[in-house]
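Take a look at the structure set out below.
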Amino acid sequence: MDRRFDLEAWRHFVLVAENGGLNLAANVHNIEPSTLSRSIKSLEASLGRPLFVHGKRPLSLTIFGQEALKEAQKLLAQHRVMLETLLSSKEKMEGVIRLAIPGGIGPGMVTPRILEFQQICPNVEFDVVQLHKGAVLDQTFSDGETLPHLTVGYSTGGSLAGLVYRYVGKMDFIPCCSPRYLSQYGSPQDPDELVNHKGLIFKGSTRKPTEFLVK
């Protein structure tokens, strides 16, 4: 395992160097000396150069180790700042997000994601609006209404002012049938055979009915 990119290994190295020995670092930071020893040996092996002058007391750094300590201290300080910034920014995030979603995907797909998000940002609330007239925004909202901040829906293009539309891909529909149907009619191998088959097409408020089959 290449420990050069292991932040924990560098942290162990800094602890031992700053405390002047394995046992002192282990006592101060409540870490097993064997854990510190393995980290440093693995780090030195990955670097291909010793960080400490081994076999001598008191423990001292090599010239390479002295330079590595300066850079590792900077790295760990930057890491602490990064974590503090991220965590504090999440705690400061608060307010209400108005989210419009089609009724069919809310409980199973969206609600679990909202709960996960609120574990990270507990001060953010969601006002969920169901697209009651279908999954096309233009059928639910009109210009001048309070529009959602975010939404998911079916649409070929946007006409409501104030919303930014982003295309995320097409939704394919897969024909399915029961084993009993297959045993009676078989599975079509060619489009021309579809005249011998029967099917049901969904027609509702959330999407237009399918008028033709592709592939």
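In whole percent, what relative contact order does the range 3-90 give with Cα contacts below 8 Å and a gap of six or more residues?
Details: 71 pairs, mean separation 24.5, N = 88.
Relative contact order here is 28 percent.
The phi-based Karplus calculation (6.51 cos²θ - 1.76 cosθ + 1.60; θ = phi - 60°) puts the 3J(HN,Hα) values of the range 15-23 at 4, 5, 5, 6, 8, x, x, 5, 5 Hz, whole numbers, x for Gly and Pro. Between L61 and V53, the built amide H atoms are under 5 Å apart, and every one of these is 5 or more places off in sequence or on another chain. A simple rule links phi to the HN-Hα coupling: the Karplus curve 6.51 cos²θ - 1.76 cosθ + 1.60 with θ = phi - 60°, which for the range 52-61 gives 10, 7, 7, x, 10, 10, x, 5, 9, 8 Hz, with x for Gly and Pro.
Rule-based calculations on the coordinates, nothing more; no lab input. Just so we're clear, the structure is a prediction, and the values are computed from it rather than from any experiment.
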